[in-house]
Amino acid sequence: MILWAAILASSMGFIDSSVTSIAIPAIRAALQASLPQAQWIHAAYLLALSALVLVGGAAGDRFGTARVFGIGIWVFVAASLACAMALTPGQMIAARAVKGVGAALMVPGSMALVSRAYPRDERGRALGLWAAASTMTTALGPVLGGALISWGGEAGWRLIFALNLPLGLVALGLIRGRTPGDQGQPGVRMDLVGAALASVGLGLLAWALIRDTAGGWVWLTAGLCLAGFLAWERATPTPMIRLNLFRNRSFAVTNLVTLTLYFALNGVMFYLPMTAVSAWGVSALEVTAAFLPISILIALLSAPAGRWADRIGPGPLMAAGSALVACAYAGLGFTAEEADFWGRTVPLMALAGLGLGLVVAPLTAAVMQSAEDGEQGAASGINNAVARVAGLIAVALLGRVAAAGYGPGAPGFGVPGNGAAHLSATSAAFGQVALIAAALAALAAVLALATGRKA
């Protein structure tokens with residue numbers, strides 16, 4: 001029962017980003033949200049999750065994993081309902097931020113609960129089932145979201161968020177009374193100062209990237225907060241992020257691969273649905289055809305890619321996979337003005353999925369191999385946070401690229417419109433986004449080669 005509770009909870013967290021990307025065009029239309037507000041609807045969740053996920057793990061150690069896990073579900077579900085009932089962009093952004101807090105408490109606990117509930121000889125099979133089931137639900141999430149938006153009318157996007165209520169309640173029911181003795185360790189300290197500095201620093205950085213009118217004081221304050229965060233993490237005896245891990249060259253390079261590749265991935269994933277729905281005449285349900293191959297190919301290739309990584313080392317597979325992603329995104333950039341969703345976009349996204357299928361498992365293996373015994377948990381948490389930060393920066397920065405690429409004309413990037421001028425401007429803007437993503441994926445391929453082959 002604990003396993004299925006963990007699967008349901010983690011699935012809610014994993015699905016949220018992909019479903020929201022598909023729902024953004026409908027949300028913008030319903031709430032009359034501007035492009036910067038749409039960016040914040042997505043970024044607020046990533047900001048809270050990336051800044052607090054490591055604190056969430058520490059909170060579970062201190063107060064009891066099951067207790068914090070349950071609180072995280074309640075917060076996530078309540079915030080989901082607030083999203084479903086939002087009437088203004090501001091309300092949606094605030095609810096999404098709270099939702100990220102819930103995910104930061106919920107996600108770290110899901111794997112920890114599974115690990116503690118099973119004996120060592122059964123733990124690998126249980127974690128494998130957790131990973132497989134989470135991947136499959138993540139793959140089906142965008143399809144379900146697209147169907148609800150297409151068939152649910154004006155309230156379709158609201159149903160996406162409301163669905164978290166029954167899922168969360170079932171997860172809470174499954175875990176209730178099944179974790180005796182999970183009282184936590186009162187002596188465990190949480191790095192609240194580090195979390196505060198990271199939240200403010202990343203938040204101001206996102207603000208400065210999204211708002212081209214942000215003053216110099218925003219950049220300065222963001223820089224000071226992030227510098228203060230690094231100084232604090234180095235000095236405190238209970239850091240949220242163990243910076244000494246980055247002294248390991250392989251670990252540092254692997255996280256650079258994560259940063260560049262996930263920047264590219266999140267940029268395309270966020271701005272492609274806006275482009276297709278607002279200018280290409282593609283429905284929300286049809287847009288899922290571009291997402292589904294990625295999830296399916298990751299699910300199918302992760303296990304064999306993991307075995308190949310054990311044989312030859314993760315570096316060559318990460319490089320090859322990232323290169324395929326770079327080629328796919330370059331193709332999207334050069335063919336964007338053709339606006340051929342089925343003939344160009346879907347096959348190229350499938351190629352990107354093939355590349356990601358070669359990367360995901362070896363990337364995890366590289367992170368684990370680069371850490372010393374007893375440090376794998378911290379290493380995995382840092383790598384997860386880096387991936388979330390990459391998504392946050394990508395959505396914030398590439399919005400300015402898209403707006404500049406579209407130009408000053410009406411109705412604007414991501415806003416539904418007709419006419420050749422709107423089609424041309426939207427496609428050109430997305431083409432620039434895709435080419436930048438391709439360059440970052442190519443950089444990830446080059447960096448991956450530096451991790452080397454298996455010794």
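The values are calculated or read from the model by the stated rules, or taken from the named source; none is laboratory data. Every value quoted in this text rests on a predicted model; they were computed, and no experiment measured them. Neighbour counts are summed over all protein chains in view; Cβ atoms, including those assigned to glycine, are modelled from backbone coordinates with ideal geometry.
Things to note:
- Filter result for A195 (crowded, with 18+ Cβ neighbours inside 10 Å, modelled with pLDDT of 90 or more and in a helix (DSSP H, G or I)): yes
- D61 being of a type in the set (D, E), outside the structural domain of V287 (by TED's automatic domain parsing), more than 17 Å from the chain's Cα centre (by Cα) and on the phi < 0 side of the Ramachandran plot: yes
- Against the test of being surrounded by fewer than 23 Cβ atoms within 10 Å (Cβ to Cβ), assigned by TED's automatic domain parsing to the domain that holds M92 and at pLDDT 85 or above, the options V68, V75 yield a single qualifying residue, V75.
- Filtered residue count, the range 374-395, keeping only those that are charged (D, E, K, R) and in a helix (DSSP H, G or I): 1
- Residue in the range 388-409 that is out of contact with any Pro (no Cβ under 6 Å at 6 or more places or on another chain), free of Cβ contacts under 8 Å to residues at least 40 places away in the same chain and β-branched (V, I, T) present: yes
- Candidates A95, A43 - the one that is assigned to a helix (DSSP H, G or I) and buried (at least 24 other Cβ atoms within 10 Å of the Cβ): A43
- Filter result for L398 (part of a helix (DSSP H, G or I), touching a Ser or Thr at 6+ places or on another chain (Cβ under 7 Å), in the same structural domain as A320 (by TED's automatic domain parsing) and surrounded by 20 or more Cβ atoms within 10 Å (Cβ to Cβ)): no
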